[in-house]
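The values are calculated or read from the model by the stated rules, or taken from the named source; none is laboratory data. Model, not experiment: these values are computed from the prediction. Counting neighbours? That spans all protein chains shown, and the Cβs are built from the backbone with ideal geometry, glycine included.
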Amino acid sequence: MGRNVTNVEEQLIADEGKKPSAYQDKLGYWTVGVGTCIDGRLGCGLTDDEQLYLLRNRVAARVAAIRQQWPWTEQLDAVRLGVLINMSYQMGVHGLANFSTFLTRLQAGDYSGAKTAMLDSLWNEQDPARAGRLAIQIETGIWQ
């Protein structure tokens with residue numbers, strides 16, 4: 001009574017709630033979104049399709065944000081744009097923006113200088129395998 005529900009999605013949102021981050025349900029199980037159990041103790045988790053759906057949405061959002069902040073990235077090949085997507089996926093577009101020397105060199109097409117700037121960072125100290133791979137990718141234009 002009093003609920004103006006017209007379909008099952010609205011009904012489930014009303015019954016389960018809708019939360020953008022993980023939370024524990026009434027029984028203490030980890031849940032996300034609209035009552036989606038992700039608690040391994042119950043054998044729950046995201047399906048492969050759900051994981052890829054989230055990944056693709058996040059990548060598309062990163063590409064849009066990168067293009068908006070740095071319009072010159074339209075000229076990058078997919079391999080080098082992939083580095084920017086990967087870096088922003090890990091640290092956010094705001095984190096990527098802190099790599100001003102790297103971005104300046106990349107925009108100028110100085111791929112060797114861009115590689116050096118990537119490796120001369122705290123990020124490289126924290127995640128050397130990833131930074132090293134992506135630095136080679138920037139320099140060579142070949143997926144690593």
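If you check residue 83 against the conditions, is it more than 23 Å from residue 140 (Cα to Cα) and of a type outside the set (Phe, Trp, Tyr)?
No.
Residues in region 103-114: is at least one more than 17 Å from the chain's Cα centre (by Cα) and among the aromatic types (Phe, Trp, Tyr)?
Yes, some residue in region 103-114 is more than 17 Å from the chain's Cα centre (by Cα) and among the aromatic types (Phe, Trp, Tyr).
Does region 90-102 hold any residues that are buried (at least 18 other Cβ atoms within 10 Å of the Cβ) and either under 21 Å from residue 20 (Cα atoms) or within 9 Å of the chain's Cα centre (by Cα) (or both), and which are they?
93
What number of residues within region 1-50 are modelled with pLDDT of 95 or more, in contact with a Ser or Thr (Cβ under 9 Å, 6 or more places away or on another chain) and not in a strand (DSSP E or B)?
Total meeting the criteria: 5.
Tell me whether region 11-34 contains one or more residues that are within 23 Å of the chain's Cα centre (by Cα), without any contact (Cβ under 8 Å) to a residue 24 or more places away in the chain and either in the same structural domain as residue 93 (by TED's automatic domain parsing) or on the phi > 0 side of the Ramachandran plot (or both).
yes
If you check every pair at least six apart or on different chains, which have Cβ atoms under 8 Å apart with a residue in region 41-62 that is under 25 Å from residue 81 (Cα atoms) and in the same structural domain as residue 88 (by TED's automatic domain parsing) first and a residue that is among the small types (Gly, Ala, Ser) and modelled with pLDDT of 95 or more second?
Taking only residues 6 or more apart or on different chains, the pairs are 62/88.
Suppose we keep only residues that are under 18 Å from residue 111 (Cα atoms) and of a type in the set (Phe, Trp, Tyr) within region 59-89. Which one would you say is surrounded by the fewest Cβ atoms within 10 Å (Cβ to Cβ)?
Restricting to residues being under 18 Å from residue 111 (Cα atoms) and of a type in the set (Phe, Trp, Tyr), the top hit is 72.
Could you tell me whether residue 78 is at pLDDT 95 or above, over 17 Å from the mean Cα position of the chain (by Cα), among the aliphatic types (A, V, I, L, M) and more than 20 Å from residue 128 (Cα to Cα)?
No: the conditions fail for residue 78.
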